[in-house]
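Following: one structure in structure tokens, then a few remarks.
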Protein chains: 2
Amino acid sequence: MRPKILVVGAGFGGMAAVKALKHADADVLLVDRTNHHLFQPLLYQVATAALSPADIATASRVLLRRNRNASVLMADVTGVEPTAQVVKLADGRTLRYDYLVLATGAAYSFFGRDEWADHAKVLKSIDDALSIRDRLLFAFERAEQCDDPAEVTRLLTFVVVGGGPTGVELAGTIAELARTTLARDFRHIDPQSARIVLCEAGQHVLGAFPGDLPDYASGALRSLGVEVRLGEAVTLVDADGIVLGDERIDAAVVLWCAGTQARPAAIWLGAAAARNGAVKVTENCSVPGHANIFAIGDVASFDPGTAKPLPGLAPVAKQQGKYVGRLIADRIAGREKAVPFRYRDLGTMAVIGRSRAIADFGRFQLKGFLAWLGWSMVHLMLLVDFRSRLMVYVNWSWAWFTYGRGARLLTGRGDTGIARKERSRSENEKT
Amino acid sequence: MRPKILVVGAGFGGMAAVKALKHADADVLLVDRTNHHLFQPLLYQVATAALSPADIATASRVLLRRNRNASVLMADVTGVEPTAQVVKLADGRTLRYDYLVLATGAAYSFFGRDEWADHAKVLKSIDDALSIRDRLLFAFERAEQCDDPAEVTRLLTFVVVGGGPTGVELAGTIAELARTTLARDFRHIDPQSARIVLCEAGQHVLGAFPGDLPDYASGALRSLGVEVRLGEAVTLVDADGIVLGDERIDAAVVLWCAGTQARPAAIWLGAAAARNGAVKVTENCSVPGHANIFAIGDVASFDPGTAKPLPGLAPVAKQQGKYVGRLIADRIAGREKAVPFRYRDLGTMAVIGRSRAIADFGRFQLKGFLAWLGWSMVHLMLLVDFRSRLMVYVNWSWAWFTYGRGARLLTGRGDTGIARKERSRSENEKT
């Protein structure tokens, strides 16, 4: 019997593991809740109507078409039983494994205030992005119809909580959406009067970057029209907005990009976890006490021997996936070498609006347009398949020259009141 | 006071009317349930994962940016009060008008069997298309996981009811999806074994076309692997499939493209209606007894003085919209000419799969690849804005050469069981 390798999660980590197992003499099964691999670094562009979902997501089956030893299963994993060597699925079925790679990622955490999740939207999946897009566009539509000035102000106020890369990307892009794309399209409101507030409890946005890069980022955001609020914590989120420190800010849309929590793999395994719930893994990414179970990417906490565990970045997940895939292939072939995983830091980048970015390459830093050029080239190259690259290139060229947005669609599947109402009616009653 | 012109519906008819009113000394308000104008002739390509919604839909505000006398309102019209000259909205508000253009279109009808709507999907909106796409792709995913041969057969059976253009387009494209795009992507099932059944109660598919074109279409469909069933009526639709004549056909997906019913504008007005519910209009497209109310497109039944009322085609709606827009502009300017509407038939086309079509230009007919070339060029030219044209061109070129589908996404917002289940859970519990 060929060994069964089960990889849970079709993100950067899981996909890299399956690809690294291409020539292994084994049956590889990739399990994911969705049918696609998502290029998450550009998800904020779907949320802000610049790209379509299909531009940044590709069916996992297509990506693994040439991996003849790999199958794909669309299913929802709910637990692991290490002694029986099975994974449990939501529908009651189980899947046996000889090797298990957990690459289930992380979600946003509300610091114990789970009720905030009803009002603040997070950005992790395509559904999240479409739901945010609906909310953003619908806020302008409702403001256009509204006679109450206070309500118009609320509808045109957008709050982003969390000054990390996703928060900065969203705040900058929403500001551009309001100031340029939508500027001429309404008759009763002025989209340029929209207020975009970025709240960061720390002293800096993009605080993980060194030197003057965080200050540059704050300045760049402010020049785009974003109100950057530092050093104050959000103390309440409700249906009408937030409370920041002591100040009430009424807002139609609140986006939550603060703090992540690993998916519950550590709980499944009863394994030691870091503060964010990530499984503490050994130097070869295996789970302590389970030599045939590995955890990689955001669901893992890997101690590189320095002060901090590795950050939750796509390159970490990809490199760990590749490493673990090769390790398992070597073990099966009986040629395993005891080389610990080492993260190769190729630099980190964050983008602010349509023509500025910051980049940290360790030995040197970049900021401004040059960094943005670097950012766009790197992200185009990283896009998983040629088609996505081509489509994004066309979309971006178009958007760059025209300030237009191609995906300004309220599809009615999102969270807008009108959509919900409509869906419960029969076709014939519709206008 | 400038006169108020209210146009209800942002389809081909309504949009053409608003554009024709560009220079009218009036306030024009376009009301639609959605925020976008949809290029419906290509909607079947969204349903079959070849195009993204944004490729064929554009925000109405963007299309009317240069029409300075036009505003856009996203709202749901539920009735008209002709004596008060107001339109009623679902949220209780009313809108006053001096001139009213009803361009509310049509929906599919289930011949009085409304309970069939729970099981058979129609294709009218972007939401419909995404829901069909989810169902199609999910059927293959479920079949891949299924151990019961009878259930696999059911999951890989797709029924299209109605042999008009939409039914033919869907059946042909689903056949290609199964036979080419998906052919290599599964390990346990053979997508090429999928059964696609097109049911038409009449003796021909595309029966509105003359000569041997319908027979050619049947043959072309059969060569794509579609089972064309003529002359038998569907007598039942339920969760597991249909009954065709006396034969039970178990199917995972049933698409309903038979018979349309006009939206209830005639009921709103208490006006005389044709059999399909469309308002019988006068020779200038006005509603009898209401000189300032016009009905155009699928919601109107226009008698051209020949045997049959004008068909429910995009060119009819567009030409009527343009005619009515000009008529109202002329009346406001005091230069109305009593010229009745005349439909200029530029020919009709229908496409069968990726390289064949039929076309009827009255004096001559085309079929096969040449007709398909004509069809693609005409549809590219008709696409409303440059961006859509460019994106569709890129997508099509890609799909044509690779047989690939760029939009093979199960976004979880559709009708798949797994998606529904997931949505009710908190983020942290997800895999």
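We did not get these values from a lab; they are worked out from the coordinates using the rules stated. Owing to the predicted nature of the structure, the values given are computational and were not obtained by experimental measurement. Note that each Cβ is placed from the backbone with ideal geometry, even for glycine, and that neighbours are counted across all protein chains shown.
Some values worked out for this structure:
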item	result
Region A:269-342: relative contact order in percent, alpha carbon pairs under 8 Å with at least 6 residues between	25
Under 5 Å, built H, 5+ apart or other chain: amide partners of B:Ala233	B:Gly245
Estimated FRET transfer efficiency when R0 is 41 angstrom, pair A:Arg363-A:Ala338 (beta carbons, to 0.05)	0.85
Theoretical ellipticity at 222 nm over chain A - DSSP helices of four or more residues, -39500 (n - 2.57) apiece, nearest 500	-9000 deg cm²/dmol
Dipole-positive endmost among A:Gly231, A:Met391, B:Ala314 within the protein assembly as shown (Cβ charges, Cα centre)	A:Met391
Farthest positive-ward along the protein assembly as shown dipole, Cα basis, beta-carbon charges - from B:Val378, B:Leu95, B:Pro165	B:Val378
Amide hydrogen neighbours beyond the local backbone of A:Leu198, cut-off 5 Å, H modeled	A:Val160, A:Glu227, A:Val228, A:Arg229
Whole-Hz couplings from phi, Karplus 6.51/-1.76/1.60, listed for region A:273-279; x for Gly and Pro	10, 6, 4, 8, x, 6, 5
FRET efficiency, 1/(1 + (r/R0)^6) with R0 41 Å, evaluated for B:Leu230 and A:Arg93 via beta carbons	0.45
³J(HN,Hα) computed for each position of region A:155-170 - Karplus, 6.51 cos²θ - 1.76 cosθ + 1.60, integer Hz, glycine/proline x	5, 9, 10, 10, 10, 10, 9, x, x, x, x, 5, x, 5, 4, 5
Estimated distance in nm for a label pair at B:Arg248 and A:Asn284, the labels positioned 7 Å out from Cα along Cα-to-Cβ	5.6
Estimated FRET transfer efficiency (A:Ala239, A:Arg275; beta-carbon r; R0 30 Å; 0.05)	0.50
Dipole magnitude (debye, nearest 20) for the protein assembly as shown, charges at Cβ of Lys, Arg, Asp, Glu	2180
Chain B: angle of helix B:386-402 to the longest principal axis, Cα-based, in degrees nearest 10	20
Relative contact order computed over chain B (Cα-Cα under 8 Å; 6+ residues apart), in percent	20
Vicinal HN-Hα couplings computed from phi for region A:305-312 (Karplus, 6.51 cos²θ - 1.76 cosθ + 1.60; Hz; Gly/Pro x)	x, 9, 5, 10, x, 4, x, x
For A:Leu73, distant residues with modelled amide H under 5 Å away	A:Leu30, A:Val31, A:Asp32
Euclidean distance between Cα centres, region A:165-188 to region A:86-133, Å	28
Set B:Lys88/B:Lys318; A:Lys121/A:Lys318; A:Lys88/B:Lys124 screened for pairs whose C-alpha atoms are more than 31 Å apart	A:Lys88/B:Lys124
Sites excluded, chymotrypsin sites (Phe, Trp or Tyr not before Pro) in DSSP loops with at most 15 other C-beta within 10 Å, longest stretch of chain B	B:112-342
Distances in nm from A:Gly374 to the matching label points in the other copies, shortest first (labels 7 Å along Cα to Cβ)	5.7
Other-copy label distances relative to B:Pro149, 7 angstrom Cα-Cβ extension, nm	7.6
Relative contact order of region B:74-195, pairs being alpha-carbon contacts under 8 Å that are 6 or more residues apart, as %	13
Of B:Val254, B:Ser218, B:Ala139, farthest towards positive along the dipole that unit charges on Lys, Arg, Asp, Glu beta carbons give region B:114-258	B:Ser218
For B:Gly334, inter-copy label distances in nm, listed shortest first [label point 7 Å out on the Cα-Cβ vector]	10.2
Charged-residue dipole, Cβ positions (Lys, Arg, Asp, Glu), region B:178-271 about Cα centre, Debye nearest 20	340
